[in-house]
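J.: Before anything else, here's the structure in question.
What follows draws every value from the coordinates through simple rules; no lab data is involved. Remember, predicted model here, so these are calculated numbers, not experimental data. Counting neighbours? That spans all protein chains shown, and the Cβs are built from the backbone with ideal geometry, glycine included.
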Ligand SMILES: Cc1cc2nc3c(=O)[nH]c(=O)nc-3n(C[C@H](O)[C@H](O)[C@H](O)COP(=O)(O)OP(=O)(O)OC[C@H]3O[C@@H](n4cnc5c(N)ncnc54)[C@H](O)[C@@H]3O)c2cc1C
């Protein structure tokens with residue numbers, strides 16, 4: 001389904017209507033729902049073709065028209081919206097900044113946008129290293145406040161200048177430093193969540209006794225605590241056996257959080273739930289101290305596979321990040337107006353791949369010790385041909401700028417080559433990473449397809465993008 005540049009509203013609305021019928025939504029219910037929604041005076045309700053068209057897209061390949069958009073201005077209005085949707089059996093889809101890559105924020109649903117009014121920082125408690133925020137707060141905006149206290153919310157997806165903390169928690173985001181800081185789920189201390197029947201849950205970490213007290217409550221909350229405990233108790237061994245033991249896992253409900261500890265926080269089940277269990281109203285999040293002592297090696301390889309094979313051996317040095325870029329990015333960065341000076345500053349010769357290995361320490365002595373040991377290891381064990389050490393904030397910023405702009409450079413290849421993100425974000429145990437990547441490269445090269453590799457080598461999450469030359473770029477546009 002494509003929306004032409006010049007939107008023909010009538011045709012577009014007719015098409016949306018046809019799609020609603022096809023998706024099984026009762027159009028009489030929908031009409032009543034929309035009529036009643038318009039009574040919610042203090043919030044924004046949008047049903048015009050242009051807005052529906054805008055919200056039909058996110059950062060994924062998909063495009064699906066929503067039923068209507070609600071931008072709640074306050075909790076009371078949000079409750080009214082959810083009650084109405086419940087009454088008329090209309091699906092609800094919460095939305096942050098819609099940078100999800102797998103179509104999570106587009107559907108034939110009533111889309112509720114939290115970015116405009118639910119974006120307040122409620123509390124930053126520096127003494128106890130936590131904050132309470134509304135879901136629509138953008139991660140970098142929050143961190144600009146937290147850094148005044150020497151703290152930060154550590155998960156750092158590449159979209160951190162847009163990604164909301166609600167979206168990050170609900171799709172369990174993480175980023176370049178996940179080997180040190182884990183994922184969003186690891187920083188959830190408590191959530192206030194709205195369920196579709198209007199129940200509001202406040203969650204926190206509980207002892208088995210405290211959980212049992214919750215089970216004794218004779219309402220929906222008590223029932224949820226009872227049923228949830230039964231699911232975990234009845235299926236603990238199946239959960240243990242079935243859940244993959246990888247450092248980054250975001251698919252499915254995180255039931256494995258509840259089998260290795262008897263301190264349970266119901267809030268964690270919402271992390272990774274993609275909005276299917278309830279709406280986050282507030283989040284109590286863990287904050288980490290900002291490391292003052294940092295250094296990064298840019299380890300250069302003449303062979304991409306050598307870089308991948310060596311990652312596992314670097315982990316015992318406890319880096320905060322090991323990020324890979326390959327020659328496909330360097331071919332573009334050399335030519336890009338703003339990145340060419342950074343390329344010239346950081347890249348030695350023509351590597352097939354680099355690994356940026358960054359260390360965060362609590363003292364200068366610790367940093368000196370780590371960098372000395374690691375550089376000794378590189379000298380004696382690595383196939384790398386160069387490994388400049390970056391120490392100043394300017395050098396480190398330059399390195400991250402090249403890394404963070406990598407995808408944009410690849411997507412904007414003037415030759416028209418399009419790296420396709422359909423085997424993105426596979427989490428592979430490090431001991432199998434080289435074997436897996438080699439198999440993918442073999443499949444692609446047997447079909448004459450080039451392959452781009454980059455990203456979070458430290459946790460076995462390499463973005464593997466087969467690169468395809470688009471037809472339109474081959475046809476001259478006279
Ligand atoms: C170029 C690019 C690079 C990326 N890099 C990374 C990366 O390094 N690491 C990574 O993890 N991800 C990455 N992503 C994916 C995405 O940007 C992140 O996961 C981001 O954290 C999503 O935040 P968001 O505000 O856009 O959430 P959205 O996409 O709006 O929503 C995410 C999920 O949360 C749900 N949701 C939103 N708000 C609420 C709420 N209040 N209550 C309940 N559910 C809610 C939505 O329904 C959806 O299922 C990348 C995406 C792009 C386009």
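J.: Using every Cα-Cα pair within the range 366-478, state what percent have a distance larger than 23 Å.
T.: For the range 366-478, the fraction of Cα-Cα distances above 23 Å is 49 percent.
J.: Please express the Cα-Cα pair-distance distribution P(r) of the range 296-360 as a list of whole percents, one per 5 Å bin, running from 0 to the bin with the greatest distance.
T.: Histogramming the range 296-360 at 5 Å steps yields 4, 18, 27, 22, 16, 9, 3, 0 percent.
J.: A further question on this structure: Placing one identical point scatterer on every Cα of the range 121-289 and ignoring solvent, what is log10 I(q)/I(0) from the Debye formula at q = 0.12, 0.18, 0.19, 0.20 Å⁻¹?
T.: Taking Cα atoms of the range 121-289 as identical point scatterers yields -0.54, -1.18, -1.28, -1.39.
J.: Still on this model: So for each of 50-63, 197-210, 105-118, 147-160 I average, over its residues, the number of other beta carbons within 10 Å; can you give me the resulting order with the highest mean first?
T.: Per-residue Cβ counts within 10 Å, averaged per peptide and sorted highest first, yield 105-118, 147-160, 50-63, 197-210.
J.: Another question, then. Could you tell me whether the range 145-243 comes out rounded, prolate or oblate from its Cα gyration tensor? Rule is a ≥ b ≥ c as square roots of the eigenvalues, rounded for a/c under 1.5, then prolate if a/b exceeds b/c, otherwise oblate.
T.: Prolate, since a/c reaches 1.5 and a/b exceeds b/c.
J.: Run the simple label-point estimate for residue 422 and residue 318 please: 7 Å along Cα→C-beta, distance reported in nm.
T.: It works out to 4.3 nm between the two label points.
J.: Right, here's the next one. Between residue 76 and residue 48, what FRET efficiency comes out of the Förster formula 1/(1 + (r/R0)^6) with R0 = 35 Å and r the beta carbon distance, rounded to 0.05?
T.: For R0 = 35 Å, the calculated efficiency reads 0.90.
J.: Another one. When the scattering of the range 267-417 is computed by the Debye formula from its Cα atoms alone, each counted once and equally, what is log10 I(q)/I(0) at q = 0.09 Å⁻¹?
T.: Values returned for q = 0.09 Å⁻¹ are -0.38.
J.: For the residue pair residue 392 and residue 293, what label-to-label distance in nm results when each label sits 7 Å from Cα along the Cα-to-beta-carbon direction?
T.: Simple spin-label model gives 2.1 nm for this pair.
J.: Could you work out how far helix 393-404 tilts from the main Cα principal axis of the chain, as a 0 to 90 degree angle to the nearest 10?
T.: 60
J.: Quick one: order 173, 184, 161 by neighbouring beta-carbon count within 10 Å, fewest to most.
T.: 161, 173, 184
J.: For the chain, what is the convex hull volume of the alpha-carbon atoms per residue, in Å³?
T.: 181
J.: Hey, another quick one. Over the range 14-135, what portion of Cα pair distances is larger than 24 Å, expressed as a whole percent?
T.: 30
J.: Sticking with this structure for a sec: With N denoting the number of residues in the range 49-112, provide Rg(C-alpha) divided by 2.2 N^0.38 Å, to two decimal places.
T.: That ratio works out to 1.10.
J.: How high is the relative contact order of the chain, in percent, counting Cα pairs under 8 Å that sit 6 or more residues apart?
T.: Over the chain, the number comes to 12 percent.
J.: What number does the range 409-453 give for Rg over Rh if you use C-alpha atoms and the Kirkwood radius?
T.: Using Cα coordinates only, the ratio equals 1.02.
J.: Restricting to DSSP H runs of at least four residues, report the calculated mean residue ellipticity at 222 nm for the chain, -39500 (n - 2.57) per run over all residues, nearest 500 deg cm²/dmol.
T.: Computed mean residue ellipticity for the chain: -11000 deg cm²/dmol.
J.: What angle do you read, to the nearest 10 degrees and between 0 and 90, between the alpha-carbon axis of helix 220-242 and the longest principal axis of the chain?
T.: 30
J.: Can you give the angle from 0 to 90° between the axis of helix 75-87 and the longest principal axis of the chain, with both taken from C-alpha atoms, to the nearest 10?
T.: 70
J.: Turning to a different aspect of this structure: Please give the peptides 174-180, 288-294, 71-77 ranked by average Cβ packing (other Cβ atoms within 10 Å per residue), highest first, as a rough proxy for protection.
T.: 174-180, 71-77, 288-294
J.: Taking a virtual spin label 7 Å from the Cα of residue 35 along the C-beta vector, which residues in the range 52-94 bring their backbone nitrogen under 16 Å of it?
T.: Correct set: 84-85, 87-89.
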